[in-house]
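A.B. asks: Shown below is the structure under consideration.
The values are calculated or read from the model by the stated rules, or taken from the named source; none is laboratory data. Worth saying up front: this structure is predicted, and the values here are computed from it rather than measured. Here the Cβ positions follow ideal geometry from the backbone for every residue, glycine too, while neighbour counts run over all protein chains shown.
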Amino acid sequence: MFKTVFLTLLTLLIAVGGGAASVWLMLEADMDAGAVTVGEWSAYPDAGTERANPYARARFAREGGLALGQAEGIAFVAAQDSAGAPLSRRCSYVLEGPLPPARFWTLYAADGAQAALPPRGRRAAALHSRAVLRRPDGSLALAVGPRPRAGNWLATGGDGPMLLVLTLFDTPVANGGQVLDIALPQVLRTGCDG
């Protein structure tokens, strides 16, 4: 009798514990299921659609994210520079190159959970398409870092890693198939403090 109860409880413990552990692992894992990579930028074009991976949906909902629908836009995230080094708040970068057509875009620096870093002083926490200077050919040069720069400058501060989040709104690129055919700015490291 005791053996049967013990084996039943052990089986339930393994089933419930194993199921909970597998869900936790899938929600915590940094999986790139459904990710599309363009240079150092990654995006999840299916995130706001019914084709999204259920674990990716659950992870996104748990983090409090709000996915853009396919007709609304697409968000690209860069966690490393063009040389493959992780982005750091103590380093300065220049984003150079073209942007795909979009009605509006934003660029901000974020922590590991993609929450925007707090603004530095009176500086805005993000740059956007209606408040930047463009080159004569339409391309951009955006400076990101802790030291002031002339022109388009996104101020960062503090220590630790960071992400750059570029969101394109109302763009034909958002329909997944065209994402691989676009060009995005390179993230070039120009120096580091300390």
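A.B. asks: Please verify whether segment 147-161 includes one or more residues that are in contact with a Ser or Thr (Cβ under 7 Å, 6 or more places away or on another chain), assigned by TED's automatic domain parsing to the domain that holds residue 61 and within 22 Å of residue 87 (Cβ to Cβ).
C.D. replies: Yes - at least one qualifying residue is present in segment 147-161.
A.B. asks: Go through 131, 174 for me and flag whichever is among the hydrophobic types (A, V, I, L, M, F, W, C), closer than 17 Å to residue 37 by Cα and either modelled with pLDDT of 85 or more or surrounded by 20 or more Cβ atoms within 10 Å (Cβ to Cβ) (or both).
C.D. replies: Selected residue: 174, the only one of 131, 174 that is among the hydrophobic types (A, V, I, L, M, F, W, C), closer than 17 Å to residue 37 by Cα and either modelled with pLDDT of 85 or more or surrounded by 20 or more Cβ atoms within 10 Å (Cβ to Cβ) (or both).
A.B. asks: Could you list, in sequence order, all residues of segment 100-126 that are in contact with a Pro (Cβ under 7 Å, 6 or more places away or on another chain) and either outside any loop (DSSP other than H, G, I, E, B) or within 16 Å of residue 143 (Cβ to Cβ) (or both)?
C.D. replies: 125
A.B. asks: Shifting gears a bit: So which of 119, 86, 161 ends up being modelled with pLDDT under 85 and surrounded by fewer than 17 Cβ atoms within 10 Å (Cβ to Cβ)?
C.D. replies: 119
A.B. asks: So residue 170 passes all but one of these: (1) under 17 Å from the mean Cα position of the chain (by Cα); (2) in contact (Cβ under 8 Å) with a residue 40 or more places away in the chain. Which condition number does it fail?
C.D. replies: Here residue 170 meets the rest and fails (1).
A.B. asks: Any residue in segment 52-60 that is closer than 24 Å to residue 107 by Cα, assigned to a helix (DSSP H, G or I), over 13 Å from the mean Cα position of the chain (by Cα) and at pLDDT below 70?
C.D. replies: Looking through segment 52-60, at least one residue is closer than 24 Å to residue 107 by Cα, assigned to a helix (DSSP H, G or I), over 13 Å from the mean Cα position of the chain (by Cα) and at pLDDT below 70.
A.B. asks: Further question: Kindly indicate whether any position in segment 14-35 is assigned to a loop (DSSP other than H, G, I, E, B), modelled with pLDDT of 70 or more and more than 14 Å from the chain's Cα centre (by Cα).
C.D. replies: no
Yes/no matrix, rows are residues, columns are (1) at negative phi; (2) basic (Lys, Arg):
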position: 96; (1), (2): yes, no
position: 99; (1), (2): yes, no
position: 120; (1), (2): yes, yes
position: 164; (1), (2): yes, no
position: 170; (1), (2): no, no
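A.B. asks: Shifting gears a bit: Out of 11, 4, I need the residue that is at pLDDT 70 or above, among the polar types (S, T, N, Q) and exposed (fewer than 10 other Cβ atoms within 10 Å of the Cβ). Which one?
C.D. replies: 4
A.B. asks: Given the structure, is residue 186 farther than 23 Å from residue 115 by Cβ, within 19 Å of the chain's Cα centre (by Cα) and at pLDDT below 90?
C.D. replies: It is false that residue 186 is farther than 23 Å from residue 115 by Cβ, within 19 Å of the chain's Cα centre (by Cα) and at pLDDT below 90.
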